[in-house]
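No value in this document is a laboratory result; all are computed from the given coordinates. For clarity, every value in this text was computed on a predicted model and none was experimentally measured. Cβ atoms come from the backbone with ideal geometry, glycine included; neighbour counts cover every protein chain shown.
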Amino acid sequence: MVRRTGAGRLRRARRAAAVAVIAAGTVLATPGTVLAASTTLPPKQPLTADLETGGEPCVSGDERPYAMSVPRLTARLYGPGDGQPGQVSHVRGEFEAWWQGEDGAEERVTTTTGTLSDTTPFGWQLPETIPDETVVSWRVRAVNDVGASAWSSEGAGSACEFVYDRTRPDAPVVTSSDYPDDNTWTPGVGVRGTFHVKAQADDVVAYAYSFMGGGSKTVRPGPDGTAEIRFVPQSAGVQTLSVQAQDRAGNRSSSTNYTFRIGSGPAPVAQWKLTDAAGSRSAAAETGTAARAGAGVTFGAPAPSGTPLTSTASLDGSGHGFLTPGAPVVADTAKDFAVGGWVRPGRVDGTRTVLSQDAGTARAFTLGLTQAAGGPKWSFSVGGARVTGGLPEAGAWAYVLGQYDAETGTARLYVNGRAAGEEVAAVPVAGEGAFQIGRARGAQGYRDRWQGEIGDVRAYDRIVVASEVKDLATRAARRLGHWALDTAPDGLAPEEGGGAPLKLGTGASLYRLDDAPCDWLDPDCVQDFPLEADGDGHLRLDGVSGHAATDAPVVDTSGSFTVSVRVRLTDDEPAAPMTAISQGGEHGDAFKVRFDPENSSWDLVLAHADAPGAPETVLRRIEAPDGNSGVGHRVTVVHDASVKQVFFYLDGVKYAEGGTADFDAAWKSTGGLQLGRGRTADGWGEYLHGAVDSVFAYEGVLSETDIRQLPYVRATGR
C-alpha cells in the first residue's frame, strides 16, 4: 500500500473541485480535443458480440469452434461513458477461463491486463497448459478504479466456449473400382472415374486432395463420413491422388497416396472415315455399324490436306443426301459424350446439320451450323440449349466437335481444335433414335440438310480431352520448299526437292566456307562461317540491289502457311528499314519480315490488301542489330487461316508481346517469294545489307516443336 501525504490530499481536493465546476457548467473544447470520460462510475458490461476466440465469434454449445492451437482471446471493453467520438476511458480487462478437469473438478485460470484506452482491443493469449479435447469456457469484465463491470456471461450475456484439439486424424482410406491401384493399366484418358474416401475418425469435416500436377481442392464428406472424388484423366501415364483428412480444428492427417495407371483413351464407339470407293451405297465403319448412304451422297470427294484422310463424302443437300446406321450410337445422352468430324460446307445459309441423333420427332443433339448475330456460326445443341461460335466459310475445311459434360451439365463446342463460344448449361433429352449424318429430325420429318463434304465422323461415350481435340483437328504442314543457299549454279539457288529455284539478282552473291580459307592461328585471319548446319554457305546481299526471288508464289497467303529464314545484319546501326523475306503482289506484301532501325526491332508486316496505302497489321520484337557478328536470328511467320491469326517467332520463340495477332484480311499474293527486298510506295525497296540462309516454306501450320528444330534440319543427302 502507498501511504498518501497531506500534500496529496490537497491535490485530490483541487481535482475534485475542478470536476465539480465542469459538471456544473458547459465546457467548449477545441475540435479534436480528447475528453476523459467520467471516472466516478464503474465500466459497462462487455457485449458478447464484441468477443472473439482465436478470431472466431463468441459462441457456445454445438456451434463452439475447435482450435488446433491454443487461441488468443480478444474483447472490446467499455468505460462508464457513452462511447461518443472523442471520449475515452481507461480500463483494465479481467479474463477468466475454466473447464472440467480429468478428476471432474473445475479448474480456472485468470489474468488482468494493464490499463488501456477503451478504444484499444484487449487480449489474452491463453497458456499452453490448456487441456486438449476439453470444452473450455471463458468470460471477461472491465475494471477501473471505481469498480468492475458485470461479467460478459451475466444477465443477457453468455460464456464463450471452444475446444482445443491438437490431435491429427488418421490418414483416410482411398479406393476406386474405376482406377484400381493394382499396377494394371486402365483405359483411360477422358473416362471419368470415381474415388471413394473413408475417414478413420468421427470428427473429419473435409478432405483435402490433389492429383499429381494439379492444384489442391477440398471435398466434404456425407453423413457417413465418406466422400467421392471425380476425376477425368487428361493424359496417359502413372498418376497419384493424395488425400488428407481434416478435422473440425483444421488438423490434417498424413497423406494417403493412391497411385494408379492410366492408359490411352478408349476408341470411339462409332467411326466412319467416309473414304469409301466412288459409287458405294454404304460407309464402312471403323467401329460400330456400317452407315447406309442416300442417293445424294457421293464418295471420293476431296479430303482436307495434312490429314490421314484420302477422300471424303459429298452430300448434295437434298432429301437423299444423308447417311445413317439406322440405330443410335450415343447410348445414353444423359452421360458424357462427344461427336465430331471434318466438314467443308458448300453453303452457309440457313441451318445445316452435320451430325444428330433422333429423339422421337425431334433430336437429342445436333452439330452443324446456324445463323446467329447476323451471320453463320458453328453450332452444337443438346436438348433445348445451344452453343455457337466460330465462322463457317463456304469451301473452307474445319474440324468441328460438340461435347456434353454430364458432371458439369454443360455443352461445349470446339472448332479447329479450340473452344468456340461459351459453354452453356444443358438438360439432355433421351435420344434412343437413329444416328444421322447430314440431317436432323423435326416434327414434319428430316430437315436442315447438309450441303458439302464430311469426313472422319466419330462418336465417343466419354470426354474428349483438350489434347485429343487438338490432335483430331491438326493438319500436318507440308513442306513446299527448302533452300539451303550453299550453291547457285548459273545464278539459281536450287530448292532441295527439285522445286522452283531462287534466282539471284544483282548485288547478291553466295559465300562458301571453302571460298576464302585461312589459318585460324593467324591473328589476321577473319573467317566467316555458314549461318546454319544445312550447308556450306549463305547468301550475301549488298543492301543496294541484292536480292533473290522465285518466279511464282511459293505459299498461298490466303490460306495457312509457314515461312522461315535465318538472317544476319551487316551494320551496327542500319540507316533504313531492311526486308529479309516477303511475298506479295503488285503494290504491297501479303507478308514481310523487316528490321526497323527506328524501333530497333524485327517486324512482321501484313498488308490488308494489294493496294497502295492499304492498312497493315504489325507484330514487333525489339532486338539489337547484329553488326555482322554471330549467326543472326531465325525469323518465322505462321498464318493459321482456320483461326484467323498470325504468329511471329524469333529464334523459335513466340513471345507474349509481339508474338500473336488476329488477322482476317489475308489475300492471295501473285508475286514470287523474295529474299532481301519488299514492296514500298516507290516499288521495290528496303534492300537488306546482310546475309540470309536456310529458307523454309510450308503449306499449313508448322508446330512449335518443329519450328524450334528448323536450325538443325540438314539438306537432303547431308
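Here are the numbers for the structure shown:
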{"read-out": "Kirkwood Rh and Cα Rg combined as Rg over Rh, evaluated for segment 48-164", "value": "0.98"}
{"read-out": "Most positive-pole-ward Cα, 653, 569, 530, against dipole of segment 478-712 from beta carbon charges", "value": "653"}
{"read-out": "Pairs beyond 19 Å (Cα-Cα), from 592/668; 273/377; 470/644; 470/668; 470/592", "value": "273/377; 470/668; 470/592"}
{"read-out": "Proximal aspartates and glutamates relative to residue 503, as straight alpha-carbon distance under 15 Å, when same-chain residues fewer than 8 apart are discounted", "value": "486, 490, 495, 551, 693"}
{"read-out": "Residue order, fewest to most beta carbons within 10 Å, for 470, 654, 217", "value": "217, 470, 654"}
{"read-out": "Selection from 277, 289, 331, by position along the positive dipole direction of segment 270-473 (Cβ)", "value": "277"}
{"read-out": "Cα centroid separation - segment 149-191 against segment 403-452, whole Å", "value": "41 Å"}
{"read-out": "Dipole in debye (nearest 20) - segment 173-262, about Cα centre, beta carbon charges: Lys, Arg +1; Asp, Glu -1", "value": "280 debye"}
{"read-out": "Using distinct alpha-carbon pairs, which all enter the 1/r mean, Kirkwood radius of the chain in Å", "value": "33.1 Å"}
{"read-out": "Bins of 10 Å from zero: percent of alpha-carbon pairs in segment 254-293", "value": "24, 30, 16, 13, 10, 7, 1"}
{"read-out": "Largest to smallest principal axis extent of the C-alpha atoms in segment 478-712, angstrom", "value": "56, 39, 38"}
{"read-out": "Residue-count net charge about residue 692 - beta-carbon cut-off 10 Å; Lys, Arg +1, Asp, Glu -1", "value": "+2"}
{"read-out": "Whole-number percent relative contact order across the chain, with pairs defined as alpha carbons under 8 Å at least 6 apart", "value": "9 percent"}
{"read-out": "Charge tally in the Cβ shell below 10 Å around residue 232, where Lys, Arg are +1 and Asp, Glu are -1, residue 232 excluded", "value": "0"}
{"read-out": "Straight-distance crosslink candidates among lysines, where the alpha carbon sits under 27 Å from residue 217 and sequence neighbours closer than 8 are dropped", "value": "198, 335"}
{"read-out": "Computed helical MRE - 222 nm, the chain, DSSP H runs ≥ 4 contributing -39500 (n - 2.57), nearest 500", "value": "-1500 deg cm²/dmol"}
{"read-out": "Full-stretch length increase - residue 112, residue 236 - with 0.36 nm per residue and alpha-carbon distance subtracted", "value": "38.3 nm"}
{"read-out": "Between helix 6-24 and the chain: long-axis angle, C-alpha atoms, 0 to 90°, nearest 10", "value": "70 degrees"}
{"read-out": "Centroid-to-centroid separation of segment 94-115 and segment 213-243 [C-alpha atoms, Å]", "value": "44 Å"}
{"read-out": "Fewest-first sequence of 324, 487, 388 by Cβ atoms within 10 Å of each Cβ", "value": "487, 388, 324"}
{"read-out": "Order of 595, 322 - criterion: other Cβ atoms within 10 Å of each residue's Cβ, fewest first", "value": "322, 595"}
{"read-out": "Net charge dipole size for the chain [Lys, Arg +1 and Asp, Glu -1 on Cβ; Debye, nearest 20]", "value": "2580 debye"}
{"read-out": "Listed residue (630, 703, 582) projecting farthest to the positive dipole end of segment 478-712, Cβ model", "value": "703"}
